[in-house]
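**Q** First the structure, which I've put down as structure tokens, then a few questions once you've had a look.
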């Protein structure tokens, strides 16, 4: 297994790249919800098989891009929830809201985490593993990413509320809800709310 910091950097770089590629493919009509659903099914099958078997390419990806605790319990967890979160915003919101919401997921969470690891000094008041400096960097990154598609006030609302929930551990029972699921939904709801009420 690669070092924890290297895995985190790899994960977040993949996170950003995936968001950009996904939005580009959606924008040009190359993929749609049905393709993402197919990918999700394949990923779930590979996740189940990876718990018992070392699948060559999948094993390498898990060693270099997956947190150790997830690699054993739920291989590919982050990627699977990333796809589910993207599918949900595509299912419930128009494309001009879904795409910036996916970009907020791609950039706000990733830049915030990486910046916090490197430059963080003040601990986040609600999550001990995160930093205030990372939260601010994530807010700015999410705003810039969303601003590519929506006006500044919608982009700011999307990034602010997404980072707000990213800084809170949401649990269902004993299990923490993956922020790859929550962030795009909150960003999309924020954009829709600003558009509808203002």
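**Q** Output the residue which, of all residues in the stretch 38-58 that are part of a helix (DSSP H, G or I) and modelled with pLDDT under 85, is farthest from the chain's Cα centre (by Cα). Please lay out each step first, then the result.
**A** From the stretch 38-58, those part of a helix (DSSP H, G or I) are 38-50, 56-58; that's our starting set.
With modelled with pLDDT under 85 added as a condition, the list becomes 56-58.
Numbers: 56: 25, 57: 22, 58: 20 Å.
My answer is 56.
**Q** Quickly run through the stretch 59-88 and pick out the residues that are in contact (Cβ under 8 Å) with a residue 24 or more places away in the chain, more than 14 Å from residue 179 (Cα to Cα) and assigned to a helix (DSSP H, G or I).
**A** 63, 64, 65, 68, 71, 87
**Q** Additional query: Quick check, is residue 63 under 21 Å from residue 15 (Cβ atoms), more than 18 Å from the chain's Cα centre (by Cα), surrounded by 12 or more Cβ atoms within 10 Å (Cβ to Cβ) and at pLDDT below 95? I'd like the intermediate steps shown before the answer.
**A** Values: under 21 Å from residue 15 (Cβ atoms): yes; more than 18 Å from the chain's Cα centre (by Cα): yes; surrounded by 12 or more Cβ atoms within 10 Å (Cβ to Cβ): yes; at pLDDT below 95: yes.
Judged against the criteria, residue 63 is a match.
**Q** Now, a different point. What are the residues in the stretch 27-52 that are surrounded by 11 or more Cβ atoms within 10 Å (Cβ to Cβ) and more than 30 Å from residue 100 (Cα to Cα), if any?
**A** 48, 49, 50, 51, listed by residue number.
**Q** All but one of (1) free of Cβ contacts under 8 Å to residues at least 12 places away in the same chain; (2) over 29 Å from residue 143 (Cβ atoms) hold for residue 94; state the number of the condition that does not hold.
**A** Status for residue 94: all satisfied but (2).
**Q** Exactly one of these conditions fails for residue 72: (1) under 24 Å from residue 184 (Cβ atoms); (2) surrounded by 12 or more Cβ atoms within 10 Å (Cβ to Cβ). Give me its number.
**A** Among (1) under 24 Å from residue 184 (Cβ atoms); (2) surrounded by 12 or more Cβ atoms within 10 Å (Cβ to Cβ), residue 72 violates only (1).
**Q** Please find, within the stretch 108-135, the residue that is farthest from residue 157 (Cα to Cα) out of those that are modelled with pLDDT under 75 and out of contact with any strand residue (DSSP E or B) (no Cβ under 9 Å at 6 or more places or on another chain).
**A** Looking at residues that are modelled with pLDDT under 75 and out of contact with any strand residue (DSSP E or B) (no Cβ under 9 Å at 6 or more places or on another chain), I get 128.
The values are calculated or read from the model by the stated rules, or taken from the named source; none is laboratory data. Predicted, not measured: the structure shown is a model, and the values here were computed from it. Please note: Cβ atoms are built from the backbone with ideal geometry, for glycine as well, and neighbour counts cover all protein chains shown.
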